Amino acid sequence: MVAAKDDVSAQVAAFDQKVANAQSATTALTNATNTANTTKKNLDASVSAANTAKTNVDSSTSKANTAKSNVDAAVSTANQTITNANTAKSNLDSSIKNASTAQSNVQSTINAANATNTTLKDTTATASTVNSNLNGTISSANSAKTSLQDTINNSDTAKSNLSGVITQSTDSQKNLNSAVSVANDALQSLSSENASAKSNVEELRGENFNSQEILSGVADLRAYLGLYDSDVVGVQVDYKNKTYKRLGAASGLNGGSDFDQFPMFGGRKRCNVANDGTINAWYGDSAYKEDGSNGQVMVYQPAFWYLVAPVEYEKQSTGVGYHLRKANYYVSGKARAGFRLHPAFFDASGNEVDHIFFSAFRGSIYDTSAKSYIKDDAQVCDAGTDLFCSISGVKPASGYNQNLTRTSIEQMAQNRGAGWHGDTIKATSANQLLMLIEYAGNLQTAIEHGVVDIPWTGLASDDTSSYAVNTGGTSTLGNATGHADSSTQQINGQTLTNTTNGKRSISYRGMEDPWGNMWDFVYGLNFYYESGKPFLGYVCKDFNFAESKQTDNYESIGFTLPSENGYISAMGYSTKFDWLFLPSEVKGDSALPIGDYYYQNNTWNGYRIARLGGNWSDGVYAGGFYWSVTDGVGYRDRNIGGRLVYVPTAKA
């Protein structure tokens, strides 16, 4: 609009000058003709009249300049209003008011331009009338051309010049009309986008969006444009068109060592952690052990702040929540406007913590009565006294005969002390977000398949044991991402070695088998289905988990899950739970946009539990976003296990 205004101002100034020239020429011609037909006295009077006309022209020019100054002032006011809107973070209403004021000022500018155009049209009409009068005067002057030939010649020259000026004035008017038309189009587009923005804000208000969070997001529109500082990394996921685009400091980078410079990635490290949360040793230290003799093998995860910018979304047909069609995901190692600390980094009292610990390996059990680790998945756990573990060189715990349910894993984790839990939805979502941003695509393609291609039958004729490979295949990788050279299976007294893609473990920055090998129970997330109603999920606000609950400390995720099976094609979205990676639509394929499957069961009413990642035989279905919500409360099986998470208590 400013550029359009400047163009209009320049054309107005040029046109004013040309009109002034035309009027001067007209006066000169009139004076010359009158001199031919009247006395020298009349000529002097004409000169005086011309001078008066010049004064009027100068006055008009001054007024035009004053009008231009007013336009510049209006633009300056508009720019100041925009600046105020970007910095006014106190409340949403003042931001919207400032935006409306800015639009009003822009409208005033356009109205002023239109008024100027009208004035120019009137001036052109006047010039045309003068031209007509001049033609009549010239005709009269021709009758006296014998005595006034020189004067008439001068008049003809002046007429020619005036015609050129009028032609130029007509062209200027056309250009001005075109500029005004462009300005009107811009105004119409701005008005349309402003109406859409207001509609979106109202829609977001209905989602109970905190006004300060809206204001922070509006204040930094760079997030929606994919622009950010050098310490912010992000990715745009276009679920609809199945494409990815790296954003911010991630532009031009590849997953792996390129991301080591960012603390939430490069700061992840394997370590030995005591039951009170003390770090006994880091990977690479001489005291570091993975057999449990120096503490549990965990992955230190520094805290990070995140932002999800929904670029394109649509209301779900159920009326509950949105389908996220395109979104920009960002993480930062420090707090910044519009970003929120990821919910994984809050302790049991709701205080912020600067790190958490993921388990390096799938969970196993320490038998407190025998005072030894159960390394062969013997079905003898006592959830009341035993401890859930993360060590290498053991077969992960499963639940074929023993009561290894989601609640049992949580109990054995808490037996270690305050802060210990089974895998939680908040910790899981933090890890999913990091993997998505770093590898920007199908994770099974970017890293490797994982342990997902081992058949159910044919292994030592065993139809009761877990077929999971032992933990520790990726021990030599340490903190890096990659795959094991080989993975070992122990089934019915036999040991098998797997060295091929699809049958060996993978690791993501110290976390072995983030998907595949065994399903992972995820706590803090319940699902409920009732025939004829939306399939809904509920997140626990704290660590007081319950199996069959959707009220009090459990909140609705704010969007509907699919009631059919399929590959994920869109993530569900609500403003409060924008950090969740749960599907709302399953019309994708095994490659893109996510490449992971979703299973549900809508044949009976009641609660479902959450399990993630897939097991040793799920193939291309498996992945970091592969969810199953088919099973009821208390379900267990030989292909399901769990992981440890440790959340420290914030220090005073």
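The values are calculated or read from the model by the stated rules, or taken from the named source; none is laboratory data. Computed from a prediction, not measured in an experiment: that's the story for all the values here. Cβ sites come from the backbone with ideal geometry, for glycine too, and all protein chains shown count toward neighbours. Accessible surface is based on the protein model in full, side chains and every heavy atom, while ligands, DNA and RNA are left aside. Shrake-Rupley method; radii C 1.70, N 1.55, O 1.52, S 1.80 Å.
Go through the range 621-652 and report how many residues are more than 22 Å from ILE365 (Cα to Cα), buried (at least 21 other Cβ atoms within 10 Å of the Cβ) and hydrophobic (A, V, I, L, M, F, W, C). The total comes to 4. Scanning the range 359-381 for residues that are buried (at least 17 other Cβ atoms within 10 Å of the Cβ) and basic (Lys, Arg) turns up just one, ARG362.
Of the residues screened, ARG611 is one that is among the charged types (D, E, K, R), under 18 Å from THR424 (Cα atoms) and open to solvent by 20 Å² or more (accessible area, probe 1.4 Å). Taken as a whole, the range 501-509 holds at least one residue that is hydrophobic (A, V, I, L, M, F, W, C) and farther than 26 Å from TYR313 by Cα. Within the range 321-332, not a single residue is open to solvent by 20 Å² or more (accessible area, probe 1.4 Å) and either more than 17 Å from the chain's Cα centre (by Cα) or acidic (Asp, Glu) (or both). Only one of the listed residues (LEU536, LEU582) is modelled with pLDDT of 95 or more, under 28 Å from GLN411 (Cβ atoms) and either crowded, with 21+ Cβ neighbours inside 10 Å or touching a Gly at 6+ places or on another chain (Cβ under 6 Å) (or both). That residue is LEU582. Among the numbered criteria (1) open to solvent by 20 Å² or more (accessible area, probe 1.4 Å); (2) farther than 23 Å from LYS541 by Cα; (3) not acidic (Asp, Glu), which one does ARG340 miss? For ARG340, the failing item is (2). Residues that are open to solvent by 20 Å² or more (accessible area, probe 1.4 Å) and assigned to a helix (DSSP H, G or I) within the range 237-272 comprise SER257, ASP258, PRO263, GLY266, listed in sequence order.
If you go through the range 287-320 and pick out every residue that is surrounded by fewer than 23 Cβ atoms within 10 Å (Cβ to Cβ) and assigned to a loop (DSSP other than H, G, I, E, B), you end up with 13. For ALA348, state whether it is within 23 Å of ALA249 (Cβ to Cβ) and either open to solvent by 10 Å² or more (accessible area, probe 1.4 Å) or touching a strand residue (DSSP E or B) at 6+ places or on another chain (Cβ under 7 Å) (or both). So ALA348 does not fit the description; no. Does at least one position in the range 506-527 carry a residue that is over 14 Å from GLY641 (Cβ atoms), crowded, with 22+ Cβ neighbours inside 10 Å, out of contact with any strand residue (DSSP E or B) (no Cβ under 6 Å at 6 or more places or on another chain) and charged (D, E, K, R)? Yes. Checked against (1) without any contact (Cβ under 8 Å) to a residue 40 or more places away in the chain; (2) within 30 Å of the chain's Cα centre (by Cα), GLY516 passes all but a single condition, namely (1).
Filter the range 400-441 down to the residues that are out of contact with any Leu (no Cβ under 8 Å at 6 or more places or on another chain) and among the aromatic types (Phe, Trp, Tyr) and list them by number. Across the range 400-441, the qualifying residues are TYR400, TYR439. Any residue in the range 590-600 that is of a type in the set (A, V, I, L, M), under 19 Å from LEU443 (Cα atoms), open to solvent by 10 Å² or more (accessible area, probe 1.4 Å) and touching a strand residue (DSSP E or B) at 6+ places or on another chain (Cβ under 6 Å)? Looking for residues that are of a type in the set (A, V, I, L, M), under 19 Å from LEU443 (Cα atoms), open to solvent by 10 Å² or more (accessible area, probe 1.4 Å) and touching a strand residue (DSSP E or B) at 6+ places or on another chain (Cβ under 6 Å), one finds none in the range 590-600, hence no. Does GLY284 satisfy the condition of being part of a loop (DSSP other than H, G, I, E, B), out of contact with any Lys or Arg (no Cβ under 9 Å at 6 or more places or on another chain) and not polar (S, T, N, Q)? So GLY284 does not fit the description; no.
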